[in-house]
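What follows is a short report on a single structure.
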Amino acid sequence: MLTVAQSIAKTLKAYGTEKFFCLCGGDHELWYALDDEGIEIVNCRSEDAAVYMADGYARMTGKPGFVYGQRGPGVANVAGSLADAFWAKSPVISLTSSISLTSRDRFEYQELDGIPLHQGLTKWNKALSSPDRAAAMVRAAIRIALSPSPGPVHLEIPADMLDLDAGDEVFCEEEYRTVNSYRQPPDLHALARILDGLAGAKRPLIVAGKGVVISQAWNELTRFAESMSIPVATSLGGKGAIDEAHPLSVGVIGRNSRKIANDSVRECDVVLAIGTRLGGLATHRFTLPFAEKTLFHIDADAHIIGQNFRTQARVVADAKLALAAAAALVEQKGVARGDTDWSSSMTERVRQWRGHADRLHIDQKVDGIHPAEVIAALRRNMAPNDIIGADTGAHGSWVGALFPVSAGKTMIRANGSLGWVFPGALGTTLASPAGRVVAVTGDGGMLYHIGEFETAMRLGIPTVVVVLNNACLASEYHTQKSHQRVVKSVLDFRDVDFASVARSFGAWGRTVENSGDLDSAIIEALAQNGPALIDVKVSREARSPSANRDKTRLV
């Protein structure tokens, strides 16, 4: 007979689980069981960072990212950090303990009800009610986290159940190993309606979102777009859905965007949205005129189609299968076409836009290194298969608009949680991608989880961090400037020497105060075998490419 802890660990092993993220505290039966199964326990310096590392790992691998929270404050910290995974549809599994059943409702030390804390942040939120259901409940958690519309789930284990008998039934449901193990096929009749609408359009546009990247459908998207010569815009989460060097790529739409991409939405007549929720970020608070367009929508989640805009035809399906079927229908229907006036004009306008973007650091007169120079230097020195990471706020704007990525999982980003990108990038690096992982954050974001340099050094995680350091919350600063009132007490920080802090942990660190030193610093950082940090002193006056601040901007 197995204990509950052993049953959980053996079930995780049966699914091929390699890493388990946590801040260890109590519940030692679980650690013994995981260690006995050879599952690496990634012990972090906070529950928040453990969640973000599990999230980055899950996004890169498509496998569940398991994270633990000890009963009481540990559970509260885990639950409070699940928002980014929830927004990103990342299959993070929160596996927490709770107060022993015999001590409940008696004012026990650290007693807290963890189920309500997880309620708004998970797709599925359950507590183990009987020891013999342990393996079945873990399988259910995995199954639901990895469903066609993935997302975080929560399973609570009463602490006094961990060493009780759980039976000996352990197996893996083979069809639920990754987010793409099960793919929903498209309705071909509905897909044919969409194709007819695109074939009759004068200025069609594809808007691709995170769902295309999750589905790994970048090759299918590119082939389909080429077959009908349709320009492709992406949401910020959809970067990587198409190679941004491709002639049909127009870049990121919405708030953290290229102006040319937003213009493509304004000027098109028909939109095919695929793998995107068309939410507030992608539509710039719903001001982009999707409601005025003929809109077709393909997504694995039926609930989001039609939520924000009227849809003429919908297909509930996996993006990869839908796009492959669409490309076959193009050939079958004989509606393939070469370059059109519309696609050629967009290609030319993107070329002109790149010229404006290359001059941004010159045209915006600032006192210090311009963040656009940092992004350009990273692009010059990073390999095409390296992964760029961006924190939320201005960093999402700088990277989203100005750092072109190749097709694939070549970008990770915070979906709204400032500070996410450093631990998120550590988890992404632990997923062993083909290229290096470089995280772009600011001084505000870096100070959230700087203690994870100890984790990175202890585990030898070679993530590179670039801090755009202006000793303030620059995104909020520019928002307040636009309101003509700046409250320095909520914006300004001390100028922290982040390179010295990194070196104090044993990591490589270098400060850059002149733009001429950017290339050498980046080359040296990328050559390190362990974690590295570049502290770049940038100007706070540089305005990021956000649709919030300058409606007349060229970039």
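Just one of the listed residues (Ala439, Ala474) is at pLDDT below 95, out of contact with any Leu (no Cβ under 7 Å at 6 or more places or on another chain), over 19 Å from Leu82 (Cα atoms) and surrounded by 21 or more Cβ atoms within 10 Å (Cβ to Cβ), and it is Ala474. In the range 333-361, the residues that are under 17 Å from Ser397 (Cα atoms) reach residues that are in a helix (DSSP H, G or I) with C-beta atoms within less than 6 angstrom, at least six apart or across chains, in these pairs: Trp353/Ile260; Ala357/Leu402; Leu360/Ala372; His361/Ala372; His361/Glu373. Among all positions in the range 264-286, there is no residue which is of a type in the set (Phe, Trp, Tyr) and closer than 24 Å to Asp196 by Cβ. Taking the listed residues Ala49, Ala14, the one that is surrounded by fewer than 23 Cβ atoms within 10 Å (Cβ to Cβ) and aliphatic (A, V, I, L, M) is Ala14, with no other qualifying. A residue that is farther than 23 Å from Val213 by Cβ and either in the same structural domain as Leu473 (by TED's automatic domain parsing) or among the hydrophobic types (A, V, I, L, M, F, W, C) (or both) occurs nowhere in the range 397-405.
So, Thr283, is that one in contact with a His (Cβ under 9 Å, 6 or more places away or on another chain), touching a residue at least 24 places away in the same chain (Cβ under 8 Å) and not aromatic (Phe, Trp, Tyr) or not? The answer is no for Thr283.
Among the residues of the range 42-73, the one identified as of a type outside the set (D, E, K, R), closer than 26 Å to Glu174 by Cα and in contact with an Asp or Glu (Cβ under 7 Å, 6 or more places away or on another chain) is Gly65. Restricting Asp27, Asp55 to those that are among the acidic types (Asp, Glu), farther than 23 Å from Leu121 by Cα and touching a residue at least 60 places away in the same chain (Cβ under 8 Å) reduces the list to Asp27. Considering every residue within the range 54-62, establish whether at least one is modelled with pLDDT of 95 or more and either farther than 30 Å from Lys239 by Cβ or more than 23 Å from the chain's Cα centre (by Cα) (or both). No, the range 54-62 contains no residue that is modelled with pLDDT of 95 or more and either farther than 30 Å from Lys239 by Cβ or more than 23 Å from the chain's Cα centre (by Cα) (or both). Considering the conditions (1) β-branched (Val, Ile, Thr); (2) over 14 Å from Pro152 (Cβ atoms); (3) surrounded by 24 or more Cβ atoms within 10 Å (Cβ to Cβ), Ile41 is excluded by exactly one of them, (3). The single condition from (1) β-branched (Val, Ile, Thr); (2) within 18 Å of Ser147 (Cα to Cα); (3) surrounded by fewer than 20 Cβ atoms within 10 Å (Cβ to Cβ) that Thr102 fails is (2). When residues in the range 221-273 are screened for being in a helix (DSSP H, G or I), closer than 14 Å to Phe290 by Cα, acidic (Asp, Glu) and touching a Leu at 6+ places or on another chain (Cβ under 9 Å), 1 of them pass. Those strands (runs of 3 or more DSSP E) of the range 443-555 in which at least 1 residues are of a type in the set (Lys, Arg), considering only elements entirely within it, cover 508-512, 532-537. The set of residues in the range 412-442 being out of contact with any helix residue (DSSP H, G or I) (no Cβ under 7 Å at 6 or more places or on another chain) and either more than 21 Å from Pro384 (Cβ to Cβ) or not aliphatic (A, V, I, L, M) (or both) consists of Thr429, Ser432, Gly435. In the range 391-411, the qualifying residues are those that are out of contact with any helix residue (DSSP H, G or I) (no Cβ under 7 Å at 6 or more places or on another chain) and among the small types (Gly, Ala, Ser), and the one that is surrounded by the most Cβ atoms within 10 Å (Cβ to Cβ) is Gly400. Give Lys202, Lys210 a once-over and let me know the one that is under 30 Å from Ala336 (Cα atoms), buried (at least 23 other Cβ atoms within 10 Å of the Cβ), of a type in the set (Lys, Arg) and not assigned by TED's automatic domain parsing to the domain that holds Ser98. Step by step, each of Lys202, Lys210 is checked, and only Lys210 is under 30 Å from Ala336 (Cα atoms), buried (at least 23 other Cβ atoms within 10 Å of the Cβ), of a type in the set (Lys, Arg) and not assigned by TED's automatic domain parsing to the domain that holds Ser98. Taking (1) closer than 19 Å to Pro371 by Cβ; (2) touching a residue at least 60 places away in the same chain (Cβ under 8 Å); (3) surrounded by 14 or more Cβ atoms within 10 Å (Cβ to Cβ) in turn, Phe493 satisfies each apart from (2). Residue count for the range 451-484 satisfying the condition of being within 26 Å of Arg543 (Cα to Cα) and not charged (D, E, K, R): 19. Taken over the range 496-525, the criterion of being of a type in the set (D, E, K, R) and either touching a helix residue (DSSP H, G or I) at 6+ places or on another chain (Cβ under 8 Å) or in contact (Cβ under 8 Å) with a residue 12 or more places away in the chain (or both) is satisfied by Asp497, Arg510, Glu513, Asp519, Glu524. If you check Thr222 against the conditions, is it in contact with a strand residue (DSSP E or B) (Cβ under 6 Å, 6 or more places away or on another chain), modelled with pLDDT of 95 or more and polar (S, T, N, Q)? In short, no.
The values are calculated or read from the model by the stated rules, or taken from the named source; none is laboratory data. No experiment lies behind these values; they were computed from the predicted model shown. When we count neighbours, we look across all protein chains shown, and the Cβ atoms used for this are built from the backbone with ideal geometry, even at glycine.
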